[in-house]
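Visitor: The structure that follows is given in the form of C-alpha cells.
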Amino acid sequence: RIWPGIFNPHEKRKALFANFEALELQGLLRLCPSPRQALELGVEGLRRRFREHGYRLGPKRAGRIVRHAEEALKPRQEDIEHRLELLALDLQLLDSLNSALAKVEERIVELLLQTPGKWLLSIRGVAETTAAEVVAEIGPPDAYDHGSAVVKLAGANPGIYQTGMFEAER
C-alpha cells in the first residue's frame, strides 16, 4: 500500500519485484520505504544509501525504482505514517523468521554429517540442504541393495512403457 505495484508475484513482468525474498526489495523497504523518498534521493542517492548499508543495487535497477516511484500513486503522508509502523513490524518478523530458519538449517547440516548420507556432499553441486532432503526422503542409503531401487522409489523408472497403441514391459 505504500509502494503500489512494486511487488506482485502474479504479474512478474509488470512488477518491479516478483519475489519478496529479493534482497534488493527488502533493502528498499528498509532504507527507502516510500516512493517520495526514492524520488528525493534519485538514482545515485539511492545507490549510495544502499552501499552505505551493505546492500547492492545496480544502476539499471535503481533507475527502474526511481521511474516506478515517479509513476506510482503516492498515498497521503498521514496514511503512510501508520503503514510505515506496520511495515517496520513486518520486517522485524521477517528478520526473526530468517534467523530461526538459519538455525534450523545449521542443525540439519549437523545431523546430516552424523549419517551415512554425508557422502552425498562429495558429489559436485550437491549442497547440504539438498543432501539432507535426499536422506530425509529415501532414509538410510544402506537399506537399498542397488541404486536402481532408489530410482524406483522416486518413480523415475516406470515398469510399463506406452506410446499410442503400443505397450511393452521393460
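The values are calculated or read from the model by the stated rules, or taken from the named source; none is laboratory data. The shown structure was predicted, so the numbers you read here are calculated from the model rather than taken from an experiment. Every residue, glycine as well, gets a Cβ built from its backbone with ideal geometry; the counts of neighbours run over all protein chains shown. Side chains included, ligands, DNA and RNA excluded: accessible areas come from the protein's heavy atoms. Shrake-Rupley method; radii C 1.70, N 1.55, O 1.52, S 1.80 Å.
Visitor: Go through segment 63-78 residue by residue and tally those that are modelled with pLDDT under 90, open to solvent by less than 50 Å² (accessible area, probe 1.4 Å) and in a helix (DSSP H, G or I).
Guide: 2
Visitor: If only one of 110, 24, 78, 71 is within 30 Å of residue 147 (Cβ to Cβ) and acidic (Asp, Glu), which one is it?
Guide: Details: 24 fails: within 30 Å of residue 147 (Cβ to Cβ); 78 fails: within 30 Å of residue 147 (Cβ to Cβ); 71 fails: within 30 Å of residue 147 (Cβ to Cβ).
The match here is 110.
Visitor: What tally of residues in segment 46-56 results from selecting those that are buried (at least 16 other Cβ atoms within 10 Å of the Cβ) and either at pLDDT 95 or above or not in a loop (DSSP other than H, G, I, E, B) (or both)?
Guide: Looking only at segment 46-56, we keep the residues that are buried (at least 16 other Cβ atoms within 10 Å of the Cβ), and these are 46-47, 49-50, 55.
Imposing the further condition that a residue be either at pLDDT 95 or above or not in a loop (DSSP other than H, G, I, E, B) (or both) reduces the set to 46-47, 49-50.
Residues flagged as buried (at least 16 other Cβ atoms within 10 Å of the Cβ) and either at pLDDT 95 or above or not in a loop (DSSP other than H, G, I, E, B) (or both) within segment 46-56 amount to 4.
Visitor: For residues in segment 95-130 being at pLDDT below 90, part of a helix (DSSP H, G or I) and open to solvent by less than 50 Å² (accessible area, probe 1.4 Å), which is farthest from residue 26 (Cα to Cα)?
Guide: If we take residues in segment 95-130 being at pLDDT below 90, part of a helix (DSSP H, G or I) and open to solvent by less than 50 Å² (accessible area, probe 1.4 Å), then 117 is farthest from residue 26 (Cα to Cα).
Visitor: Still on this structure, I have one more. Would segment 83-103 turn up any residue that is over 30 Å from residue 1 (Cα atoms) and under 20 Å from the mean Cα position of the chain (by Cα)? So that I can check it myself, show each step before the final result.
Guide: So the first thing to find is which residues in segment 83-103 are over 30 Å from residue 1 (Cα atoms), and the list is 103.
Narrowing further to those that are under 20 Å from the mean Cα position of the chain (by Cα): 103.
Yes, segment 83-103 has at least one match.
Visitor: Scan segment 17-37 for residues that are open to solvent by 70 Å² or more (accessible area, probe 1.4 Å) and at pLDDT 85 or above and jot them down. Steps first, please.
Guide: Of segment 17-37, the ones open to solvent by 70 Å² or more (accessible area, probe 1.4 Å) are 19-21, 23, 30, 36.
Hits for segment 17-37 are 30, 36.
Visitor: Quick one: which of 70, 44 is more than 20 Å from residue 7 (Cβ to Cβ) and either touching a helix residue (DSSP H, G or I) at 6+ places or on another chain (Cβ under 9 Å) or of a type in the set (D, E, K, R) (or both)? First the steps, then the outcome.
Guide: On the way: 70 fails: more than 20 Å from residue 7 (Cβ to Cβ).
Among 70, 44, only 44 is more than 20 Å from residue 7 (Cβ to Cβ) and either touching a helix residue (DSSP H, G or I) at 6+ places or on another chain (Cβ under 9 Å) or of a type in the set (D, E, K, R) (or both).
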